[in-house]
There are 2 protein chains.
Amino acid sequence: MSYIIRPWALEDLKAVMRLVRESASLHKALDQVKTTPEILRDEGFRKDATFGCLVAEVSPEQRSKEGDAIVAYQFHYLTYCTWDGRILFGEDLYVQPEFRGKGIGSSLLATAAKVALAKRCSQIRFISAAWNQPATDFYAKLGALNVTIRNSWNLCSIEEEHIRRLAEPATE
Amino acid sequence: MSYIIRPWALEDLKAVMRLVRESASLHKALDQVKTTPEILRDEGFRKDATFGCLVAEVSPEQRSKEGDAIVAYQFHYLTYCTWDGRILFGEDLYVQPEFRGKGIGSSLLATAAKVALAKRCSQIRFISAAWNQPATDFYAKLGALNVTIRNSWNLCSIEEEHIRRLAEPATE
């Protein structure tokens, strides 16, 4: 299997969006996808882009059943811990099912690790779903620690309705 | 109790660093604090700053036992979800023990909520320690959801030693 890992380009927007939706489908969460290729373009290709994206591109003869050469992607952005400093956050890592087991996920993470070092990050953090045992095993093999278990850290979210209520002048 | 909430300024660096260390002490993690006022200045006060910080400043006659007017802070930065778009991540929210129960934490979060709306974020996310029941109750009252429990999402970390191993050419 021959492939290259590279930062995404404008012409990859539709292919990446398709993979984002495919990944959400596997999480039974397609209805939660509110982004569009235009939104990803506006956020990802301006000068102070909010995030970066790496893609895996296979050679033309190895394209997917649907004829696509972009078969995997990895999203990341810079975050900051007041204790440790810079941390690269890996938002998504997705490899199409028919291309798994060929080292593409590890290659994407190896390239993300280079991005982390270039940006002087001391950690890569990401979220892993507890029910996704193959992903959990894959990350553990690469040396990842589950800090939810180690530190009893829970991820919490305040959603838009509550943000609006909080921001109302009466709450101050 | 009279106080104002405002974005931090260069002259707050030492006060904020002191609170960061005080908060880490309460987490029994002071040895994990690698940042310095200089590092926070370089990251937080350049044009494309990695993060923002809000501080609560009390009037001179209400200063803390140590004589400080900055008695609470809240750190945040922009993150990105491929499904939902922009999310404001609240890294730290800390109020000195002697100033708790006066609405300062809620005021900081109300101002962070305004930042989230101004930056077109659909969520505020943050980490809450499961053992910190007062914090858990406080966040629940504001409408926060525990997505580690709801979605079985675990936070994972790849630390520097493993990042370096991953980034080595031999792993590709």
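Per-structure values
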quantity	calculated
Per residue, in Å², the accessible surface of chain A once ligands and nucleic acids are set aside, probe 1.4 Å	47 Å²
Shielding by partners, peptide B:104-111 (average Cβ within 10 angstrom, other chains)	3
Derived scalar couplings ³J(HN,Hα) [the stretch B:21-26; Karplus, 6.51 cos²θ - 1.76 cosθ + 1.60; whole Hz; x for Gly, Pro]	6, 5, 4, 4, 4, 5
Other copies of residue B:141: label-to-label distances in nm, shortest first, labels 7 Å along the beta-carbon direction	4.8
Rounded percent of accessible protein surface that carbon and sulfur make up, chain A, 1.4 Å probe	53 percent
Estimated dipole of the protein assembly as shown in Debye, rounded to 20 [Cβ of Lys and Arg +1, of Asp and Glu -1, Cα centre]	80 debye
For the stretch A:55-67, 3J(HN,Hα) per residue [Karplus equation, 6.51 cos²θ - 1.76 cosθ + 1.60, θ = phi - 60°, Hz, x = Gly/Pro]	10, 10, 10, 8, 5, x, 6, 10, 4, 5, 3, 7, x
Shielding of A:120-127 by partner chains, average beta-carbon count, 10 Å	5
Nearest-20 debye value, chain A charge dipole, Cβ charges on Lys, Arg, Asp, Glu	600 debye
The stretch A:4-52 versus the stretch B:110-127: alpha-carbon centroid distance in Å	22 Å
Heavy-atom SASA rank of A:17, A:1 (probe 1.4 Å, accessible area, largest first)	A:1, A:17
Most mobile listed residue (A:90, A:103, A:52) in chain A, GNM with C-alpha springs under 10 Å	A:103
Per-residue ³J(HN,Hα) for the stretch B:89-98, Karplus 6.51 cos²θ - 1.76 cosθ + 1.60, θ = phi - 60°, Hz, x for Gly and Pro	9, x, 7, 9, 9, 9, 10, 4, x, 5
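The values are calculated or read from the model by the stated rules, or taken from the named source; none is laboratory data. Keep in mind it's a predicted model, so treat the numbers as computed, not measured. Note that each Cβ is placed from the backbone with ideal geometry, even for glycine, and that neighbours are counted across all protein chains shown. Heavy atoms of the whole protein, side chains included, go into the accessibility calculation; ligands, DNA and RNA do not. Shrake-Rupley method; radii C 1.70, N 1.55, O 1.52, S 1.80 Å.
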